[in-house]
């Protein structure tokens, strides 16, 4: 059953460039309460551990003057959502 899920996830993910993904995640985090000073993230391309796995990870986080605890919670939710939607294409 996990093979079907992996193939389905892989097929439904859309390709996206690194800079577009970084901006998309930053915009989602900035939209959350107390995160308007959030600057952005740095994405790194990786080789997935499993077939159909995510091919990118967060390499760095730029908090700016934003509250780290609040932004970490928002970032966790946003990056998990983006991981299901996008594959890095560059």
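Numbers below:
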{"item": "Proportion of all alpha-carbon pairs of the chain beyond 23 Å (%)", "result": "27 percent"}
{"item": "Among 72, 34, 49: highest mean-square fluctuation, GNM of the chain, C-alpha pairs under 10 Å", "result": "49"}
{"item": "Between helix 68-85 and the chain: long-axis angle, C-alpha atoms, 0 to 90°, nearest 10", "result": "30 degrees"}
{"item": "Helix 2-12 axis, angle to the chain major axis (alpha carbon atoms, nearest 10°)", "result": "60 degrees"}
{"item": "Cα long-axis angle, helix 18-30 against the chain (0 to 90 degrees, to the nearest 10)", "result": "50 degrees"}
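FYI, it's all coordinate maths here, none of it is from the lab. Keep in mind the model is a prediction, meaning the values are calculated, not measured.
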